[in-house]
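Asks: Mind having a look at this structure? Questions to follow.
The values are calculated or read from the model by the stated rules, or taken from the named source; none is laboratory data. Note that the structure is predicted; figures quoted are calculated from it, not measured. Because the Cβ atoms are built from the backbone with ideal geometry, glycine has one as well, and the counts that use them run over all protein chains shown. When the accessible area is computed, the model is the full protein with side chains, heavy atoms only, and any ligands, DNA or RNA have been set aside. Shrake-Rupley method; radii C 1.70, N 1.55, O 1.52, S 1.80 Å.
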Amino acid sequence: MVEDINTSKNDLTNSNESLTSQLRQIYSGPAFDDRTNMFGSQESDVKCFQIIYPISLTLPDGSEITINNEEDWDEIDLWYEENEDSDEDPEIVYPFDVILDDDKVVTITNEEDFKELKDYCDY
């Protein structure tokens, strides 16, 4: 669970977009600026958190995709392209770990933790 987080920042709990979709947008090519701002990069001093790989996603058909590095997000992008009319999105498999900007490792155990993390990042 993410502790000591100011939940008044950018409340995303009312978003119609799934958390997986939001995470995908950050890691996908078209959202490179968002990815840089939220997850940091070697070229940028801006850093909020980094995912500790692997992270898995369950597809609506019950199959699972494991993301082992940033390049593997292309698989999720491809799924969205091939299933743009789908009423369901892939779901994040909890728990997964992240490293915060202060080098603290935090385990995200559920959707609420993930929303708090996004609030913490003011994203």
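Asks: From GLU70, GLU43, GLU91, GLU82, grab the single residue that is open to solvent by 60 Å² or more (accessible area, probe 1.4 Å), at pLDDT 90 or above and farther than 22 Å from GLU112 by Cβ.
Replies: The conditions single out GLU82.
Asks: Do any residues in the range 69-80 that are in contact (Cβ under 8 Å) with a residue 40 or more places away in the chain have Cβ atoms under 8 Å from those of residues that are among the aromatic types (Phe, Trp, Tyr), where the two are at least six apart or on different chains, and which pairs are they?
Replies: GLU70/TYR27; TRP73/TYR27; ILE76/TYR27
Asks: Going by the structure shown, is SER63 surrounded by fewer than 17 Cβ atoms within 10 Å (Cβ to Cβ) and within 17 Å of LEU19 (Cα to Cα)? Spell out how you get there, then give the answer.
Replies: Details: surrounded by fewer than 17 Cβ atoms within 10 Å (Cβ to Cβ): yes; within 17 Å of LEU19 (Cα to Cα): no.
It is false that SER63 is surrounded by fewer than 17 Cβ atoms within 10 Å (Cβ to Cβ) and within 17 Å of LEU19 (Cα to Cα).
Asks: Has the range 105-114 got at least one residue that is over 16 Å from ILE52 (Cα atoms), crowded, with 19+ Cβ neighbours inside 10 Å and in contact with a Leu (Cβ under 6 Å, 6 or more places away or on another chain)?
Replies: No, the range 105-114 contains no residue that is over 16 Å from ILE52 (Cα atoms), crowded, with 19+ Cβ neighbours inside 10 Å and in contact with a Leu (Cβ under 6 Å, 6 or more places away or on another chain).
Asks: Here's a check for you: in the range 44-94, which residue that is of a type in the set (Phe, Trp, Tyr) and assigned to a loop (DSSP other than H, G, I, E, B) is nearest to THR109 (Cα to Cα)? Let's see the steps before the verdict.
Replies: If we filter the range 44-94 for residues that are of a type in the set (Phe, Trp, Tyr), which is where we start, we get 49, 53, 73, 79-80, 94.
When the remaining residues are screened for being assigned to a loop (DSSP other than H, G, I, E, B), the result is 53, 94.
Details: TYR53: 15, TYR94: 5 Å.
Ranking the qualifying residues of the range 44-94, first place goes to TYR94.
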